[in-house]
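I have placed the structure first, in the form of structure tokens, so that the comments after it can refer back to it.
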Amino acid sequence: MIGAIELGLVYGVMALGVYLTFRILNFPDLTVDGSFTTGAAVAAAMITTGQNPVLATLAGAAAGLVAGAITGLLHTKGRIDGLLAGILTMIGLWSVNLRIMGTAKEDATVAANLPLLRADTLFTPLREADLLGTWGGIGIIFVGVILLKLAVDWFLSTNLGLAIQATGDNGPMIRSFGVSTDRTTILTLAISNGFVALCGALVAQYQGFADISMGIGLILVGLASVILGQAVFGHRFIWLASLAVVLGAVLYRLIIFFAMRAGLDPNDMKLVTAVLVVLALLLPRWGFLRRIPSLRGRGGRVAPREPAADAPEPAAVAPANGR
């Protein structure tokens, strides 16, 4: 279970990226499936060729920034539908990722996977100190993810972040104030896919390999983390919403862990994920979570149920005709 929590925290970085496009910008970005693998491929290729793991991880995130910016340019400047723009970038990244991983293998131009056995990664110090797989390792990873979450909170509270939120809420309105929604859209997509690629780079180092298929269906995992986390923990405030998506990623991994412990086939996990998303969408509408006041209270949505015992009685309302 500790491994599931660790992996859930790492995937929380990806959930923060999906949160920016899905909740803040209200944009259906399918670039995620490709940019996740791009981050993993870039980091794995650089580590295999002897580069510093920190530099390789940052380069993977930068590659995701570029991928997100391409989707943004296709949508804003090319006037291509957002869904189609994401699909086009995702498909293009498949070939790019094969080429990137091929650069780290001799006598090969493409490669479908790249092992990181015996290579130093960001997790090597934790593994050598016997912290990986312990509560100490969870604490260290949690601190790193929370720092990224605080960076997202700060960014969304700036003038640019508020403009991005307004772009997602009402694009025509914010354009009438002179804000370039094309710029905010491109920037948000770039940052979002930067987070996703950073997660891909971390996951490749955590698992010890990069594979061309590791990003397939990842958008569904991201949506499950965002929707499940915010349905359980609430999303009234920015800091709470971003924390909820991180905890949602951990919750999702724990559900998958217990589902496999219960004997479900690993091939059924995509179906389990789809069912989770459907339940997270439908149960709040049916009022299920209102029956769990402790959970809804964390979202700030539950008003005080009863007045305090020493509160004054409300004044009687006089009749409208004065009698």
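General observations
- Filter result (open to solvent by less than 60 Å² (accessible area, probe 1.4 Å) and either within 18 Å of the chain's Cα centre (by Cα) or touching a residue at least 60 places away in the same chain (Cβ under 8 Å) (or both)) within region 88-99: 90, 93, 97, 98
- A single member of 80, 140 is under 21 Å from residue 200 (Cβ atoms) and modelled with pLDDT of 90 or more, and it is 140.
- Inter-residue pairs, beta-carbon under 6 Å, first among the basic types (Lys, Arg) and in region 219-243, second surrounded by fewer than 23 Cβ atoms within 10 Å (Cβ to Cβ), 6+ apart: 236/299; 236/300
- Among the residues of this structure, residue 189 counts as one that is within 20 Å of the chain's Cα centre (by Cα) and among the hydrophobic types (A, V, I, L, M, F, W, C).
- Scanning region 59-83 for residues that are touching a helix residue (DSSP H, G or I) at 6+ places or on another chain (Cβ under 8 Å) and without any contact (Cβ under 8 Å) to a residue 12 or more places away in the chain, we see that the one that is most open to solvent (accessible area, probe 1.4 Å) is 81.
- Considering region 194-224, and only residues there that are assigned to a loop (DSSP other than H, G, I, E, B) and in contact with a helix residue (DSSP H, G or I) (Cβ under 7 Å, 6 or more places away or on another chain), the residue that is surrounded by the most Cβ atoms within 10 Å (Cβ to Cβ) turns out to be 215.
- Candidates in region 241-255 are the residues that are open to solvent by 10 Å² or more (accessible area, probe 1.4 Å) and of a type in the set (Val, Ile, Thr); of these, the one that is modelled with the lowest pLDDT is 255.
- Residue 122 modelled with pLDDT of 85 or more, out of contact with any strand residue (DSSP E or B) (no Cβ under 7 Å at 6 or more places or on another chain), assigned to a loop (DSSP other than H, G, I, E, B) and not β-branched (Val, Ile, Thr): yes
- On inspection, residue 276 fails the criterion of being in contact (Cβ under 8 Å) with a residue 24 or more places away in the chain and open to solvent by 50 Å² or more (accessible area, probe 1.4 Å).
- Region 105-128 - residue that is aliphatic (A, V, I, L, M) and open to solvent by less than 20 Å² (accessible area, probe 1.4 Å) and, of those, nearest to residue 36 (Cα to Cα): 114
- Condition check for residue 133: in a loop (DSSP other than H, G, I, E, B), of a type in the set (Gly, Ala, Ser) and in contact with a helix residue (DSSP H, G or I) (Cβ under 9 Å, 6 or more places away or on another chain): yes
The values are calculated or read from the model by the stated rules, or taken from the named source; none is laboratory data. Everything numeric in this text was worked out from a predicted model, so none of it was measured. Positions of Cβ are generated from backbone atoms using ideal geometry, with glycine treated the same way; all protein chains shown enter the neighbour counts. Please note that ligands, DNA and RNA were not included when accessible areas were found on the heavy atoms of the full protein model with its side chains. Shrake-Rupley method; radii C 1.70, N 1.55, O 1.52, S 1.80 Å.
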